[in-house]
1. Can you go through Phe24, Phe33 and tell me which one is touching a residue at least 40 places away in the same chain (Cβ under 8 Å), in contact with a Gly (Cβ under 8 Å, 6 or more places away or on another chain) and among the aromatic types (Phe, Trp, Tyr)?
2. From the list Ala295, Ala252, Ala233, Ala224, pick out the single residue that is closer than 22 Å to Tyr89 by Cβ and among the hydrophobic types (A, V, I, L, M, F, W, C).
3. Which strands (runs of 3 or more DSSP E) sit wholly inside the stretch 286-357 and have at least 3 residues that are out of contact with any Leu (no Cβ under 7 Å at 6 or more places or on another chain)?
4. Can you name the residue in the stretch 218-241 that is farther than 16 Å from Cys182 by Cα and either of a type in the set (Ser, Thr, Tyr) or part of a helix (DSSP H, G or I) (or both) and, of all such residues, is modelled with the highest pLDDT?
5. Closer than 30 Å to Ile267 by Cβ and in a strand (DSSP E or B): does that describe Val363?
6. Go over the candidates Ala25, Ala10, Ala55, Ala30 one by one and state the one that is over 27 Å from Asp114 (Cβ atoms) and of a type in the set (Gly, Ala, Ser).
7. Could you check the stretch 270-286 and list, in sequence order, the residues that are surrounded by fewer than 23 Cβ atoms within 10 Å (Cβ to Cβ) and either over 26 Å from Arg223 (Cα atoms) or within 17 Å of the chain's Cα centre (by Cα) (or both)?
8. Can you tell me which residue is nearest to Val341 (Cα to Cα) among those in the stretch 398-421 that are surrounded by 15 or more Cβ atoms within 10 Å (Cβ to Cβ) and under 27 Å from the mean Cα position of the chain (by Cα)?
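The values are calculated or read from the model by the stated rules, or taken from the named source; none is laboratory data. Note that the coordinates shown come from a computational prediction; the quantities given were computed from them, not determined experimentally. Cβ sites come from the backbone with ideal geometry, for glycine too, and all protein chains shown count toward neighbours.
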Amino acid sequence: MNPIAHLGRAEIETLQLRRVNELFAAILPANPFYDRKYRDPASRGPFASLDEFRARVPFTVKSDLIEDQLAAPPYGTNLTEPIERFTRYCQTSGTTGEPLRWPDTPESWSWMVDNWVQIYREMGVTANDRVFFAFSFGPFLGFWTAFDAAERLGCLCISGGGMSSMGRLQTMIANQTTVLCCTPTYALRLAEAALEEGIDPASAGVHKIVVAGEPGASVEGVRARIGSLWNGARLFDHHGMTEIGPVTFESAHHPGVLHPLEQSYIIEVIDPETTRPVDSGETGELILTNLGRAARPLIRYRTGDAVRVSWEGAARYGRNEAAFIGGIVGRYDDMVIVRGVNLIPSAVDDVIRRCGGVAEYRVLIAETSALAEVEVVIETAPDCRDSGSLPERLSGELYKAFNLRIPVRRAPEGALPRFEMKAKRWIRTNNHE
């Protein structure tokens, strides 16, 4: 059951205020990182309102954490308890810089697992499900917390670590897996691998696919492509961050809309330039404060994720939590301006998946004299019936969407890399030969 389903908007914010004051009482002065950061007594709480909290407390940015980790290796000083109390270790992928090393205590870990249990329940996952995790189980938090939560829920949990794509498919078919957890890219790759071997992906028995790790799963074109390959399996989007925890869920009733777990996080969405809150229906940068990971907290953390927020939850979606329309739109550091047009990777992905026939692709970005030009390189799917004309057709679809002439060319079969983890499709050509 959703622990705040019965609460109105004002009651949710009252709960958040109580929890943030409890958090500050627990971490100050015990946490050296935040004890230094909040030298001003006004920023140390307690706070009379969430508005006061937001006005008095400065943002935390990733560079703060990296600098702290470099100055006090290996974990930095954002530790509320002695390191001997920490029992789990994860780290970020490092795709946007130095990876962050992130240990957790049993209590903080259990808080995140509880959040994942709620995410599963919102998706309709029950103890009767058999859940396959198509991950290598490296040091990334999402895999482990999702696995532990499925076990806590009573599901049969099947690890796909160390398996080839065909090995995973065979295991899924043998166990008649009902829920598949993976990245959106890998959901496409698994289905592609099945088709290459003459196997119907539907034979695995999957009726729910839970995806995370990259933007796009709330984009209609991506959803439609995955659903068609998996015989109409229901796709559920989710997002979180290693340093923050599991944040959002997609309800069964509103595809393409993510709701944050507001009993566990304070949500803000700001204009990244002015830092002022954006209005309902506008796009801005997501700011998060986690309220239960006291041993390693993040307060007013600038995530870099772009979301289109609605605060009209009850009226539009039948629930009072905030809503992110279209999921995570993208990352501000991934956007590329080409001839005055801001290209968002998830929007390009949507056009490519809607067009159909593409097994994998890359977007090559060439920057000269502060100008950027892009080229799309595609590899056709096994079921593509117009592989010869597909580049021209896709180029036309991109022009319709963005009013840009974007060249598209085919790569030989198997030439482009496949991804199990976060896909890295946008490549700066000065780093790619």
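1. Values: Phe24 fails: touching a residue at least 40 places away in the same chain (Cβ under 8 Å).
Exactly one of Phe24, Phe33 is touching a residue at least 40 places away in the same chain (Cβ under 8 Å), in contact with a Gly (Cβ under 8 Å, 6 or more places away or on another chain) and among the aromatic types (Phe, Trp, Tyr), namely Phe33.
2. It is Ala295.
3. Ranges flagged: 301-310, 323-331.
4. Ranking the candidates gives Ser228 first.
5. Details: closer than 30 Å to Ile267 by Cβ: no; in a strand (DSSP E or B): yes.
So Val363 fails the test.
6. Ala55
7. If the condition is that a residue be surrounded by fewer than 23 Cβ atoms within 10 Å (Cβ to Cβ) and either over 26 Å from Arg223 (Cα atoms) or within 17 Å of the chain's Cα centre (by Cα) (or both), then Ile270, Asp271, Pro272, Glu273, Thr274, Thr275, Arg276, Pro277, Val278, Asp279, Thr283, Glu285 are the ones that fit.
8. Per the stated criteria, the residue is Phe402.
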